[in-house]
1. With the requirement that a residue be within 15 Å of residue 106 (Cβ to Cβ) and open to solvent by 10 Å² or more (accessible area, probe 1.4 Å), what does the range 145-167 give you?
2. Identify all residues within the range 63-110 that are in contact with a strand residue (DSSP E or B) (Cβ under 8 Å, 6 or more places away or on another chain), open to solvent by 40 Å² or more (accessible area, probe 1.4 Å) and within 12 Å of the ligand (Cβ to nearest atom); write none if there are none.
3. Taking the residues in the range 171-191 that are of a type outside the set (Val, Ile, Thr) and crowded, with 20+ Cβ neighbours inside 10 Å as candidates, determine which candidate is modelled with the lowest pLDDT.
4. Which pairs turn up if I take residues in the range 141-166 that are of a type in the set (S, T, N, Q) and look for partners that are part of a strand (DSSP E or B) and open to solvent by less than 10 Å² (accessible area, probe 1.4 Å) with beta carbon separation below 9 Å, at least 6 apart in sequence or on another chain?
5. So how many residues does the range 111-120 have that are more than 7 Å from the ligand (Cβ to nearest atom) and either aliphatic (A, V, I, L, M) or assigned to a strand (DSSP E or B) (or both)?
6. Considering the range 121-159 alone, what residues qualify as being assigned to a helix (DSSP H, G or I), near the ligand (Cβ under 6 Å from one of its atoms) and in contact with a strand residue (DSSP E or B) (Cβ under 7 Å, 6 or more places away or on another chain)?
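The values are calculated or read from the model by the stated rules, or taken from the named source; none is laboratory data. Here the structure is a predicted model, which is why all the values come from computation and not from measurement. Methodologically, a virtual Cβ is constructed for each residue, glycine included, from the backbone with ideal geometry; neighbour enumeration extends over all protein chains shown. In case anyone asks, the SASA skips ligands and DNA or RNA and just uses the protein heavy atoms, side chains included. Shrake-Rupley method; radii C 1.70, N 1.55, O 1.52, S 1.80 Å.
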Amino acid sequence: MRPRGPRDPGRGRAARLRAAPGRRADRAAGWPVSTGAESTRFRIQRLRYQDLPQVIAIERRAFPAPWSLAMFVLELSKTAGVCLGAWRSEEALAGYCICSRYDTIWHIMNISVDPVLHRRGVATAMLDDLFTRLPDPEAQFTLEVRQSNLPAIALYERYGFLIAGVRKRYYQDNGEDAYIMWRTAATLEGRLDDVPNAGPVQPTPGTVPPPGGRR
Ligand SMILES: CC(C)(COP(=O)(O)OP(=O)(O)OC[C@H]1O[C@@H](n2cnc3c(N)ncnc32)[C@H](O)[C@@H]1OP(=O)(O)O)[C@@H](O)C(=O)NCCC(=O)NCCS
């Protein structure tokens, strides 16, 4: 995930709903609702420019140094990219995921979920959709994540991402290091041998260790 801030204008970042508020409204609105005990499906579709006010509203609540509107406009304007939104009703955006392709490698640039809908499968819905849209078994995905962001690291690990490196003081707001994570044919089998520049990762003193004991 790329850091945010004025010094960084362009650098390099459908599922279940447990007992979700508004499920009755979703059902009434005709949205697909799972018959499972505690799950509802979100609708995933490509983000449009007119969705950006809702994106910005979520972004500002999710991050201490949010992306600007211009950064989202830039990402949506790229032809080689996949920008997805998760909707919980016709108008209500629950989250978004921005994925750009640089050369042959996909970068997950930003993923965020409305804080009131955390842990209800919104991010899972978007990543399921993303990897279904990009089914090449040789496709390589990478991202940066704050070392302290355990929820996001856990999410990415569920999708076969492994920590393969560190970018020192990557985040300008607090100088935090980023883990570099990759999802490749090898990482899906628990190895790093096809990951560019993969190396041993030592946790930065004072931060949490890499989850899963991976170095
Ligand atoms: C990270 C984030 C996108 C996850 O979105 P979400 O919709 O809540 O995630 P999901 O409900 O799909 O969770 C999927 C899995 O991720 C992991 N996970 C998500 N939130 C977690 C948390 N708070 N603690 C531990 N694991 C968590 C779990 O493995 C979870 O599966 P489970 O619920 O079956 O245990 C969300 O917390 C968020 O928007 N955070 C703020 C923005 C951010 O940090 N983005 C990532 C930047 S790199």
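1. Hits for the range 145-167 are 159, 160.
2. Correct list: 63, 88, 107.
3. Among those that are of a type outside the set (Val, Ile, Thr) and crowded, with 20+ Cβ neighbours inside 10 Å, it is 171.
4. Here the result reads 142/108; 142/164; 142/181; 147/178; 147/179; 149/179, each pair linking the range 141-166 to a residue that is part of a strand (DSSP E or B) and open to solvent by less than 10 Å² (accessible area, probe 1.4 Å).
5. Number satisfying all stated conditions: 1.
6. Within the range 121-159, 122, 123, 152 meet the criteria.
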